[in-house]
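Heads up: the structure comes next, in structure tokens.
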Amino acid sequence: MKVIGIVTSGGDAPGMNAAIRAITRMASHLNMDVYGIYHGYAGLINDEITRLDTRKVGDILHRGGTFLKTARCPEFKTEAGQAKAIANLKRYGMEGLAVIGGDGSFHGALALQKWGIKVVGIPGTIDNDIPCTDFTIGFDTAVNTVVESVNKIRDTATSHERTFVVEVMGRNCGDLALCSGLAGGAEVILIPEVEPNYDEVCRRVQKSHDQEKSHAVVIVAEGVGGDPNSRNIDDSSAFRVANYIKEKTKLDTRVTILGHIQRGGSPTVNDRLLASRMGAEAAKALAEDDTGKMIAVQDGKIVRVDLEYALSQKKTVKKEYVELASMLASV
């Protein structure tokens with residue numbers, strides 16, 4: 001393989017730039033030419049394609065987001081859209097494509113594979129919702145962002161003796177809520193994988209207020225009871241939980257929805273290292289024609305997993321983390 005492309009698709013995640021840099025520089029080392037595709041699959045359809053070299057990917061390692069930009073592309077879900085994308089890939093001589101993104105991006109990669117394009121996926125999403133990999137690029141940075149925010153919220157919660165319900169991202173995966181709740185010392189953590197007991201939530205919050213600790217922080221994943229795709233704030237998980245707590249306990253309860261702040265920021269050391277390792281491995285896989293794979297990290301080791309198999313699996317939350325959170329949060 002002599003010419004490859006790189007595309008970032010779906011939601012941005014800190015560390016994507018580090019992955020782009022690693023792919024480009026490893027590909028150069030392996031004597032492959034590299035093209036960057038702007039605006040995800042939309043850019044592939046619309047011929048927003050540029051040549052990348054080691055200099056063009058300099059000074060991006062520490063930057064959040066993706067300098068190639070990203071966008072949703074309904075047209076790519078159609079055969080006509082995919083045919084345009086294939087035509088552009090062939091016009092630039094691209095024999096393989098590194099796709100950085102989440103499950104939606106990977107399903108797009110599999111669609112290209114059916115057209116004969118060789119693909120390798122790199123999991124980049126703050127949700128950490130991709131099966132067969134312990135971590136995705138961007139997750140560690142997002143957890144740190146949430147914990148920093150919770151630390152600040154706790155200061156005002158303590159000062160005013162209030163309960164704060166903090167909603168975090170993650171769609172239907174509770175990893176972000178669970179890990180940030182554990183690290184941030186939340187009194188209650190609610191995740192989609194565990195059926196919430198709202199009466200128990202109220203009991204814990206009330207007990208916290210009855211004792212010397214007269215405040216509480218409740219971390220709620222956006223996929224708990226609410227609609228993460230709704231633009232109506234009253235449909236959010238946080239407001240549903242907060243309203244229940246208010247009604248049952250009569251305690252002063254406030255809501256903070258952290259939103260897209262969780263996606264931004266300079267990637268942590270862990271995300272920079274993970275992205276660099278995954279990006280370099282993706283370039284090697286393309287050079288070796290070992291495609292149709294997803295680059296993953298398992299027990300600290302970088303491995304290649306069949307992409308179609310990975311997408312057929314179900315992401316599970318760590319049971320020991322759930323048990324630990326329940327025990328440490330008890331009051």
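Would you be able to say whether some residue in the range 86-97 is in a strand (DSSP E or B), out of contact with any His (no Cβ under 6 Å at 6 or more places or on another chain) and within 13 Å of Ala282 (Cβ to Cβ)? Yes - at least one qualifying residue is present in the range 86-97.
Matching residues to (1) within 28 Å of His260 (Cα to Cα); (2) without any contact (Cβ under 8 Å) to a residue 40 or more places away in the chain; (3) not in a helix (DSSP H, G or I):
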{"residue": "Met1", "(1), (2), (3)": "no, no, yes"}
{"residue": "Ala18", "(1), (2), (3)": "yes, no, no"}
{"residue": "Asp47", "(1), (2), (3)": "no, no, yes"}
{"residue": "Arg51", "(1), (2), (3)": "no, yes, yes"}
{"residue": "Lys56", "(1), (2), (3)": "yes, yes, yes"}
{"residue": "Lys69", "(1), (2), (3)": "yes, no, yes"}
{"residue": "Arg72", "(1), (2), (3)": "yes, no, yes"}
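Note on the range 282-331: residues that are aliphatic (A, V, I, L, M) and either part of a strand (DSSP E or B) or free of Cβ contacts under 8 Å to residues at least 40 places away in the same chain (or both) amount to 8. The set of residues in the range 40-72 that are farther than 27 Å from Leu273 by Cβ, surrounded by 20 or more Cβ atoms within 10 Å (Cβ to Cβ) and not aromatic (Phe, Trp, Tyr) comprises Ala42, Gly43, Leu44, Ile45. Against the numbered list (1) surrounded by fewer than 20 Cβ atoms within 10 Å (Cβ to Cβ); (2) assigned to a helix (DSSP H, G or I); (3) outside the structural domain of Asp103 (by TED's automatic domain parsing), Ile245 comes up short only at (1).
In this structure, Gly81 qualifies as touching a Cys at 6+ places or on another chain (Cβ under 8 Å), in a helix (DSSP H, G or I) and assigned by TED's automatic domain parsing to the domain that holds Ala285.
The residues listed here are Thr291, Thr253; of these, the one that is β-branched (Val, Ile, Thr), buried (at least 19 other Cβ atoms within 10 Å of the Cβ), more than 22 Å from the chain's Cα centre (by Cα) and not assigned by TED's automatic domain parsing to the domain that holds Val194 is Thr291.
Residues that are within 13 Å of the chain's Cα centre (by Cα) and assigned to a helix (DSSP H, G or I) were ranked within the range 173-189; the one that is nearest to Asp252 (Cα to Cα) is Ala177. If you go through the range 279-287 one residue at a time, do you hit one that is in the same structural domain as Arg21 (by TED's automatic domain parsing) and touching a Ser or Thr at 6+ places or on another chain (Cβ under 6 Å)? Checking the range 279-287: not a single residue is in the same structural domain as Arg21 (by TED's automatic domain parsing) and touching a Ser or Thr at 6+ places or on another chain (Cβ under 6 Å).
In the range 157-172, of all residues being modelled with pLDDT of 95 or more and either of a type outside the set (A, V, I, L, M) or in a helix (DSSP H, G or I) (or both), the one that is surrounded by the fewest Cβ atoms within 10 Å (Cβ to Cβ) corresponds to Phe164.
The values are calculated or read from the model by the stated rules, or taken from the named source; none is laboratory data. Values in this document were obtained by computation on a predicted structure and should not be read as measured data. Ideal geometry is used to build each Cβ from the backbone, glycine not excepted, and the neighbour counts take in all protein chains shown.
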